[in-house]
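Heads up: the structure comes next, in structure tokens.
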Amino acid sequence: MKILVPVKRVIDYNVKVRVKADGSGVDLANVKMSMNPFDEIAVEEALRLKEAGKATEVVVVSVGPQQATETLRTGLAMGADRGILVKTDATTEPLAVAKILKGIVEAEEPGLVILGKQAIDDDCNQTGQMLAALLGWGQGTFASKVDLGEGSVAVTREVDGGLQTVSLKLPAIVTTDLRLNEPRYASLPNIMKAKKKPIDEKTPEDFGVDVTPRLTVVSTAEPAARQAGIKVASVAELVDKLKNEAGVL
């Protein structure tokens, strides 16, 4: 069985994000980029399923600029078999990405698609659900455990009340949560081997998808600085401040 893993190139989670002086967006100049952490978890889970003999091939795919090749190489160095880059310099929104992935799924015919539940740059948490809707496949979101069986997959997912296990018929979509696994580090030999693994390049036009953004960013600003806390002498003073100063009562 083939497993498809979409991955996204984002600002490294250790980097302090800076807003452009004109407020038009986030400054990406000379900023370290890396694979979205949730997508690293998805790659790791796919590789573990392959190592357990439940999958035969792991394909990583990314939608983005030419530099996203580096992100794919990271996935290949972790152990994926090949990569697909859908090259575009436009800012892609979740629906456009889902439509592109739908075309790739129809071409590759994987039995399972595993992707991060959200990207840490836009926090949309939409692509997996949209892809499941476009394909008409079952979906297991926020997975903290994945048990792949014969023709089905059991997904233990985190919900407000605790844990919920859903059983899905294959093919299916699974989105990963933080507690699913701990991603491996790519060793130097595997990094060198990854340079020889194939990466196919395509464009959104190959799938008949228009990636023109439907939303316009009006302005971008850093959050307000956190104000210092204060101590109150009594409950009455606390209630008074919540009511008359904070306006929350």
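Some notes on this structure:
- Directionally averaged projected area (convex hull, Cα atoms, region 53-178), nm²: 8.0 nm²
- Charged side chains reduced to their Cβ positions (Lys and Arg at +1, Asp and Glu at -1) give the chain a dipole of some 500 debye around its Cα centre.
- Within region 1-126, the percentage of alpha carbon pairs spaced more than 20 angstrom apart rounds to 43%.
- 5 Å binning of all Cα-Cα separations within the chain, expressed as whole percents from 0 upward: 1, 6, 12, 16, 17, 14, 11, 8, 5, 4, 3, 3, 1, 0
- Debye intensity ratio in log₁₀ form over the Cα atoms of region 127-238, taken at each q of 0.24 Å⁻¹: -1.18
- Mean separation of Cα contacts under 8 Å (6+ apart) over length of the chain, as relative contact order %: 24 percent
- Ordering of 207-215, 62-70 by burial proxy (mean other Cβ atoms within 10 Å per residue, highest first): 62-70, 207-215
- The trypsin sites (Lys or Arg not before Pro) found in region 31-125 that occupy coil by DSSP, while having at most 14 further C-beta atoms within 10 Å, are LYS32.
- Listed residue pairs exceeding 25 Å between alpha carbons, taken from LYS32/LYS193; LYS20/LYS202; LYS2/LYS99; LYS117/LYS195; LYS2/LYS32; LYS8/LYS196: LYS20/LYS202; LYS117/LYS195; LYS2/LYS32
- Considering only PRO189, PRO37, PRO171, the Gaussian network model of the chain with Cα springs below 10 Å gives its largest mean-square fluctuation to PRO189.
- Long-range HN-HN contacts of ALA80 with modeled amide H, under 5 Å: none
- Cα→Cβ-extended label distance, 7 Å offset, between VAL248 and LYS193, nm: 5.3 nm
- From helices alone, the chain scores -8000 deg cm²/dmol at 222 nm; the rule is -39500 (n - 2.57) for each run of n ≥ 4 DSSP H residues, then divide by the residue total.
Here, each number is a calculation from the coordinates, and none is a lab measurement. None of these values were measured; they are calculated from a predicted model. Quick reminder, even Gly has a Cβ in these numbers, built from the backbone with ideal geometry, and neighbours come from all protein chains shown.
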